[in-house]
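S.K.: First the structure, then my questions, so here it is.
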Amino acid sequence: MKHRSQLMTMSGKVLSFGLMMLLMIASSVNAANVTGGEDVNPDETEVPFSIEERTTPSQDSESWALSVSLDEDAHENGTTLTITTQICLNNGVCDPPVNQEAVLSDDGRMYSASLTPPADHTYVNWRVEATYSNDTTENFPQGDWYKTWSTCYYDDGAYGGIHADGDGCNVPTSSGTESEGFLPVAGLVAVVGTLGLAVVASRRNGQS
């Protein structure tokens, strides 16, 4: 019974890991529906907020900032906002979404958030959730992301952006030197290989 319990625990971990990898890959697949290097921004006639500040393009290891301001009517009706971000890398993997701890302006209308993208990132995904006075919520955009591309991104088999350099990236660092990006295939192979080893280990345990 103890062996069976351990096997079930191991299988559960493998399944959870597999699902997480699939979600990350699915996030990168969604990027195929946009044009590389072209930011995706909200249509301010269709959302209850406007952009006050947004860093573009985003740059490795440099602060990326976003500030959005509630429309006056939405603010008076008690609407509040939550900003969620997601970092995607040039190796094709996207990090899990993160709800940002936004700074609220004195008048309660403007929400400001910032983050520092890691090296070799493709873009910063972001979206806004509005919570209305009746506690219902609505995401902007629905089921997708707004997007800020980086100064060096890998898209459709090639690098682009102001810091692209042939088959890689030369992104200036705070020290004034340049850092090279990694080829995207290496990261994808590592993810697939790790998932495969986990599945093999689970099968072996089940046969012993």
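FYI, it's all coordinate maths here, none of it is from the lab. Remember, predicted model here, so these are calculated numbers, not experimental data. Cβ atoms come from the backbone with ideal geometry, glycine included; neighbour counts cover every protein chain shown.
S.K.: P(r) tail for region 32-184, what percent of Cα pairs lie past 23 Å?
M.R.: 39
S.K.: Taking K and R as +1 and D and E as -1, what net charge do the other residues with C-beta under 14 Å from the C-beta of P117 add up to?
M.R.: Result for the neighbourhood of P117: -2.
S.K.: Also, quick follow-up: What are the chymotrypsin sites (Phe, Trp or Tyr not before Pro) within region 39-128 that DSSP puts in a loop, where the Cβ has at most 13 other Cβ atoms within 10 Å?
M.R.: Hits after loop and neighbour filter: nothing returned.
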